[in-house]
Amino acid sequence: MSLSIKDDEIDIVIGALRPDLTSFMNEWRTIFSRFHLIIVKDPDLKEELKIPEGFNLDVYKKPDIDRVVGTSTSTIFSGYSCRYFGYLVSRKKYIISVDDDCYPAKDNKGILVDAVAQHITNLTTPATPFFFNTLYDPFTEGADFVRGYPFSLRSGVQCALSCGLWLNLADYDAPTQALKPEERNSRYVDAVLTVPARTLMPISGINIAFNREVIGPALLPSLRLGGEGKFRWETMEDIWSGMCVKVVCDHLGLGVKTGMPYVWRNDRGDAIASLRKEWEGVKLMEEVVPFFQSVRLSREATTTEDCVAEVANVVKEQLGSKDPMFARAAKAMVDWVKLWKSVGSSTSSPGA
Amino acid sequence: MLFPPLYKPPFPPFLPSHTRPSIPSPCFALKSPSFSPMATVSPTPLLKDELDIVIPTIRNLDFLEMWRPFFQPYHLIIVQDGDPTKTIKVPEGFDYELYNRNDINRILGPKASCISFKDSACRCFGYMVSKKKYIYTIDDDCFVAKDPSGKDINALEQHIQNLLSPSTPFFFNTLYDPYRSGADFVRGYPFSLREGVPTAVSHGLWLNIPDYDAPTQLVKPLERNTRYVDAIMTIPKGTLFPMCGMNLAFNRELIGPAMYFGLMGDGQPIGRYDDMWAGWCTKVICDHLGWGVKTGLPYIWHSKASNPFVNLKKEYKGIYWQEELIPFFQSVALPKDCTTVQKCYIEISKQVKAKLGKVDDYFNKLADAMVTWIEAWDELNPSGDISAKIPNGASK
């Protein structure tokens, strides 16, 4: 953990899609207990949450969400999107967010991975999006920039987003997991790297961290599949949000890292059952990827909120007519920026 | 001097519409059935008649003894740099051809001027005279490394796997190489991009002495790379990287003509930028023609740290020239009618002359040498241009 970051600059946001968080919280206790937690209960979840003692936390349930944003708006926080409510109400600089079916993982030496510490390290060391370093993260112990890396690019840029990975149940889509039901990810790749500028990737919401003050409004609930469900196989909301975030980061000159930390993702759900539902999302990506690759934001967009608003506009103009889902997503993005401005603490600091 | 992101992708969007199929049915869209859990992983083909190993040397080839179990089936092309009267001893049992400076001069005549002298950049002569589809090049101070389980790494086998399986430059896969056993494309990865593109280059890494520049070596003389990163990944389209020639393999039929290692060494103002130059040209051309460049595994064990003061002298100009070179390569736009590697390369040479000539006269000479190289390549390899329409190599 970087000595310059205080624990009270960090919020850990957990979206609770299942009521009994006892084993989840206990497994993470040694890592989480020194931080403030925000637990947001999926508004569709009927049962009471079970949370063990000994944590410093705030729990938000449907009535709380209704009270803050109004009953008509609170529907945007259903399912996995409930975590965005936590991002909205947090007042901290850094947010770390992990799905409630993930436990701490062990590294290649059998040592428990402190995912929080690794995410914070990722966020507080520079990113290097303009040129690829073949030894991956040059700021990590035992590594550096390689021969041929321009010196003027070695100070890097601020890292706004840290995308972690998953051992055991990887974040595959339903068709892939259904075809290989026994496959589990056992490969621990000891690296963190910056995703190059203008390179897009599927950003999974299962294990992420970000600098809320810099990029907060760009992580947003907006694309909701018609058949969206309570398994990651049945969603695309994080993938959509991640594309927006990357485009905004590229425009503002901020970095996105991927790689460690790993979390251990527990087996859950049936890929074959989800197969039918998620096909819609799979088809959408064929439109979504080339669209985001072509988005160019204007020079006037110098804050994250402005960038999100511009992306929403382009979504509406170019994708809105192709599928009503996109038109709804565009509107949701515009509404989100308004909501962020009114409820979220102001984050109008321009990108680095 | 900070770079604003002035790079633009060659042509948006990255999914050219003529290659976008309609959404196939689930079985079709996924990786080939050989990846199902029931099938066994097929062994990597040896390719012993399709691959040459090119080794530049000035001293001796003792290091080959350690590589014998992995290299012996293959034909070696030894490019002897420095004094041609010296005899380089090749260990028994290897099938090889050896070229010294006299041979290079004899074979290329006046065009030999494009081949560096007293620099390992001369290795690219080996690429030119090879008749094989694939090249693996390795430095004579690189040995067999061990993986974390203690097993010897067959670097050549891994490079072959990398070259024979597709690359995915258009969208980054967060689980790295999706074609490796135990991995796949992650949720959100478009199915139309899952076939990938042919892999032109496989860039391996080094344990022990890392490939640092002279200033970094001077500041951290004791740093050793002990981190084994168990990943191979495609370097995304539009992204440049520093390509190291110490442990490198490529599809010569696809990208060979772009692998010119420039004018270095004796009589030249710069050294240790040969592979960098080839790498930037190669990446720009691969991006334009739709081929992939991978980096990561395999590791070799790099045993010798060269003298940092000697390196500093060689690199000195390169260190400040690269501040001009990087924006240059980031902004190179190749016209659509550059459909072969040679045409792309000649076009780049023109732009080098036009835009870098004013940085230093060296770049005018280099631009001319680039043209000479292509002329020499085409003379020695008269089978015609390699078109971008070449089909995929046999995948796993």
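In this rough spin-label picture, where each label sits 7 Å from Cα along the Cβ direction, the residue B:378-residue B:361 distance is 2.9 nm. Around residue B:267, with a cut-off of 15 angstrom between Cβ atoms, what is the net charge of the other residues, counting Lys and Arg +1 and Asp and Glu -1? Once all neighbours under 15 Å are counted, the net charge is -1.
Of the cross-linked pairs B:317/B:355; B:48/B:111; A:109/B:146; A:283/B:283, those separated by over 19 Å at the C-alpha level are B:48/B:111; A:283/B:283. Listed by chain and number, the aspartates and glutamates whose C-alpha is less than 13 Å from the C-alpha of residue B:294, apart from same-chain residues fewer than 8 away, are B:177. Each residue of segment B:317-327 was assigned a 3J(HN,Hα) from its phi angle through the Karplus curve 6.51 cos²θ - 1.76 cosθ + 1.60 (θ = phi - 60°); the sequence is 5, x, 4, 8, 5, 5, 5, 8, 5, 5, x Hz, with glycine and proline shown as x. Put simply, the amide H of residue A:13, placed in the peptide plane, has neighbours under 5 Å in A:38, A:96, A:97, A:98, leaving out anything fewer than 5 places away on its chain. Among B:268, B:154, B:334, whose Cα lies farthest out toward the positive end of the dipole of chain B, if unit charges sit on the beta carbon of Lys, Arg (+1) and Asp, Glu (-1)? The listed residue farthest towards the positive side: B:334. In order along segment A:100-107, the Karplus-derived 3J(HN,Hα) couplings, from 6.51 cos²θ - 1.76 cosθ + 1.60 at θ = phi - 60°, round to 6, 10, 10, 10, x, 9, 10, 7 Hz, and Gly and Pro are given as x. Near residue B:349: Cβ cut-off under 12 Å, other residues only, Lys/Arg at +1 and Asp/Glu at -1. The net charge is +2. Among B:133, B:343, B:304, the residue with the largest mean-square fluctuation in a Gaussian network model of chain B, with springs joining Cα atoms closer than 10 Å, is B:304.
Between residue B:218 and residue B:303, residue separation times 0.36 nm minus the direct Cα-Cα distance comes to 28.9 nm. Using just its DSSP H runs of length 4 or more, each adding -39500 (n - 2.57), the protein assembly as shown gives a mean residue ellipticity at 222 nm of -10000 deg cm²/dmol after division by all residues. Greater than 20 Å separation of Cα atoms is the criterion. Which listed pairs, A:6/B:220; B:86/B:313; B:133/B:353; A:6/A:92; B:304/B:365, meet it? Beyond 20 Å: A:6/B:220; B:86/B:313; B:133/B:353; B:304/B:365. Using only side-chain charges placed at the Cβ, +1 for Lys and Arg and -1 for Asp and Glu, the dipole size of chain A relative to its Cα centre rounds to 400 debye. Straight Cα distances below 17 angstrom link residue A:46 to the lysines A:61, A:62, A:230, with same-chain residues fewer than 8 positions distant left out. Select from B:203, B:77, B:142 the residue farthest towards the positive end of the dipole of chain B; place +1 on Cβ of Lys and Arg, -1 on Cβ of Asp and Glu, and compute about the Cα centre. Of the candidates, B:203 comes out farthest on the positive side.
Other protein chain C-beta atoms within 10 Å of residue C-beta, averaged over A:289-295: 6. Counting, for every residue in A:171-179, the Cβ atoms of other protein chains within 10 Å of its Cβ and taking the mean gives 6. With θ taken as phi - 60° and the Karplus curve 6.51 cos²θ - 1.76 cosθ + 1.60 applied, the whole-hertz 3J(HN,Hα) list for segment A:77-93 is 9, 7, x, 5, 6, 4, 5, 4, 4, x, 5, 5, 8, 5, 10, 9, 7 Hz, x standing for glycine and proline.
Can you tell me the dipole magnitude for the protein assembly as shown around its Cα centre, using point charges on the Cβ only (Lys, Arg +1; Asp, Glu -1), in Debye to the nearest 20? If you can, show how the numbers build up before the last one.
Values: 83 positive and 88 negative charges, 151 e Å.
So the dipole magnitude of the protein assembly as shown works out to roughly 720 debye.
Placing a pseudo-label 7 Å from each Cα along the Cα-to-Cβ vector at residue A:341 and residue A:112 gives an inter-label distance of 4.5 nm.
Give the average, rounded to an integer, of partner chain Cβ atoms located within 10 angstrom of each Cβ in B:66-76. Mean inter-chain Cβ contacts per residue within 10 Å come to 0.
Hey, with R₀ at 30 Å, roughly what FRET efficiency would residue B:266 and residue B:157 work out to, going by the Cβ-Cβ distance, to 0.05?
Numbers: r = 36 Å, r/R0 = 1.20.
The pair residue B:266/residue B:157 has a calculated efficiency of 0.25.
A simple count of charges around residue B:112, restricted to other residues whose Cβ falls under 10 Å of its Cβ and scoring Lys, Arg +1 and Asp, Glu -1, yields +2.
FYI, it's all coordinate maths here, none of it is from the lab. Owing to the predicted nature of the structure, the values given are computational and were not obtained by experimental measurement. So basically every Cβ, Gly included, is an ideal-geometry build from the backbone, and we count neighbours across all protein chains shown.
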